[in-house]
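First up is the structure itself, then whatever we jot down about it.
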Amino acid sequence: MRSITSIAPTVHAAVFRALDQSRHCRKCDEAERVAEQHFKDALRLAPSSPDSYIYYARYLLSHSRADEARAFLRSALELSPTDLTARELLTQVEHTQAERQSLISL
């Protein structure tokens, strides 16, 4: 098994390809599919890297997929319980969901 250090450049390349694809063509279904596949590739290459989960969660949040993002942020926190980025994003997601629920109940 390769160490996380040896595959980190590959993971980061997959993440940056995904981000690049999603920025260039937000309306393009094919670009979205390709971008998402790059995130999945990053997770497959480094399943023990919290950053892979956080980057994918950010992507999901930018596409209004908060429930899916929440699951990936929780996975990141399972791997690294003190990760501040994952904690902050998860707090934002939960706060936003709570606000929506309170507005619905009005």
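The values are calculated or read from the model by the stated rules, or taken from the named source; none is laboratory data. In this text, all values refer to a predicted model and were calculated from it rather than measured experimentally. Note: ideal-geometry Cβ built from the backbone for every residue, glycine included; neighbour counts use all protein chains shown.
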For this session: Write out, first by first residue and then by second, each pair whose Cβ atoms fall under 7 Å of each other, whose residues are 6+ apart or on separate chains, and whose first residue, in segment 74-99, is over 17 Å from Ser62 (Cβ atoms) while the second is surrounded by fewer than 14 Cβ atoms within 10 Å (Cβ to Cβ).
Result: Leu79/Ser48
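Could you pull out the residue among Glu36, Glu32, Glu78 that is among the acidic types (Asp, Glu) and within 12 Å of the chain's Cα centre (by Cα)? Spell out how you get there, then give the answer.
Values: Glu32 fails: within 12 Å of the chain's Cα centre (by Cα); Glu78 fails: within 12 Å of the chain's Cα centre (by Cα).
After ruling out the rest, the residue left standing is Glu36.
Yes or no, residue by residue, for (1) over 27 Å from Val34 (Cβ atoms); (2) of a type outside the set (S, T, N, Q); (3) modelled with pLDDT under 95; (4) buried (at least 18 other Cβ atoms within 10 Å of the Cβ):
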residue: Pro47; (1), (2), (3), (4): no, yes, yes, no
residue: Tyr55; (1), (2), (3), (4): no, yes, yes, yes
residue: Tyr59; (1), (2), (3), (4): no, yes, yes, yes
residue: Ala69; (1), (2), (3), (4): no, yes, no, yes
residue: Leu73; (1), (2), (3), (4): no, yes, no, yes
residue: Glu94; (1), (2), (3), (4): yes, yes, yes, no
residue: Arg100; (1), (2), (3), (4): yes, yes, yes, no
residue: Ser105; (1), (2), (3), (4): yes, no, yes, no
For this session: State whether the residues of segment 19-38 include one that is closer than 20 Å to Arg87 by Cβ, in contact with a helix residue (DSSP H, G or I) (Cβ under 7 Å, 6 or more places away or on another chain), surrounded by 12 or more Cβ atoms within 10 Å (Cβ to Cβ) and modelled with pLDDT of 85 or more.
Result: no
